[in-house]
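A quick write-up on the structure given underneath.
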């Protein structure tokens with residue numbers, strides 16, 4: 001592990017080292033980026049209703065991001081042509097916005113990342129479209145409970161394995177499954193940096209957390225088995241057994257004695273209320 005010697009994005013490449021940020025500029029940069037991504041997802045909440053298309057959602061979030069001084073990090077990333085990912089029902093992640101119309105009873109994850117003055121803010125939330133059934137509500141609640149459990153163990157001296165263990169225990173106690181194929185990641189000047197943040201694991205394993213580490217925690221939870229497959233578009237990941245899937249994500253930083261959520265909702269909309 002090392003402390004970042006400078007903040008020139010052009011020189012930053014991913015390595016196996018975990019960056020430790022001790023300068024206030026880094027923290028302020030992450031707060032600004034996290035706040036913008038949270039406000040964008042707050043803004044879209046009343047628009048996630050039956051009859052809207054995922055393409056319309058994408059357009060609204062892109063316009064809001066640009067109008068508020070940010071850049072959409074996903075737009076053009078590795079050839080991706082949209083601003084957000086919209087993952088509906090059995091889509092685990094990376095669903096591509098388009099002409100798909102949301103209908104009553106759907107659940108959808110909207111995943112958005114912004115860049116503000118070179119810093120990245122990354123967050124995703126679940127949205128209930130109209131009236132959803134009890135199984136979908138339970139899945140979403142368990143997913144959010146698991147994220148909260150993972151965040152609760154973050155502090156200097158804990159390990160990344162502690163985070164994964166806490167998430168896994170909550171999910172599997174409800175006979176649901178944690179997706180293994182995707183994980184959280186370091187973040188800052190780079191969109192995806194070291195380390196990979198697994199959402200399963202054993203206590204005491206993995207790197208030790210230090211103040212100034214920035215990363216995402218973003219558990220993906222399936223009602224059925226954990227296995228996924230990626231469709232022919234090269235992006236959309238779905239459950240192999242076609243069971244419902246849910247995800248939620250925060251960008252966070254390790255503080256002196258806990259965690260700061262850079263992507264916390266200013267209006268309390270991060271967790272859906274049924």
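No value in this document is a laboratory result; all are computed from the given coordinates. Worth saying up front: this structure is predicted, and the values here are computed from it rather than measured. Cβ placement follows ideal geometry from the backbone for every residue including glycine, while neighbour counts extend to all protein chains displayed.
Here are the numbers for this structure:
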read-out: Proxy reagent accessibility, fewest Cβ within 10 Å first, across 221, 52; value: 52, 221
read-out: Volume per residue that the Cα convex hull of the chain spans, once the total is divided by residue count, Å³; value: 117
read-out: Ascending count of other beta-carbon atoms within 10 Å, so fewest first, for 185, 250, 16; value: 16, 185, 250
read-out: Gain in span if fully extended, residue 63 to residue 271, counting 0.36 nm per residue against the direct Cα distance; value: 72.5 nm
read-out: Fewest-first ranking of 274, 64, using other Cβ atoms within 10 Å as the exposure measure; value: 274, 64
read-out: Extension gain from residue 134 to residue 14, taking 0.36 nm per residue of separation minus the Cα-Cα distance; value: 39.0 nm
read-out: √(5λ) per eigenvalue of the Cα gyration tensor, region 91-175, largest first, Å; value: 27, 21, 9
read-out: Gained length - residue 104 relative to residue 77, 0.36 nm times residue gap less alpha-carbon distance; value: 6.6 nm
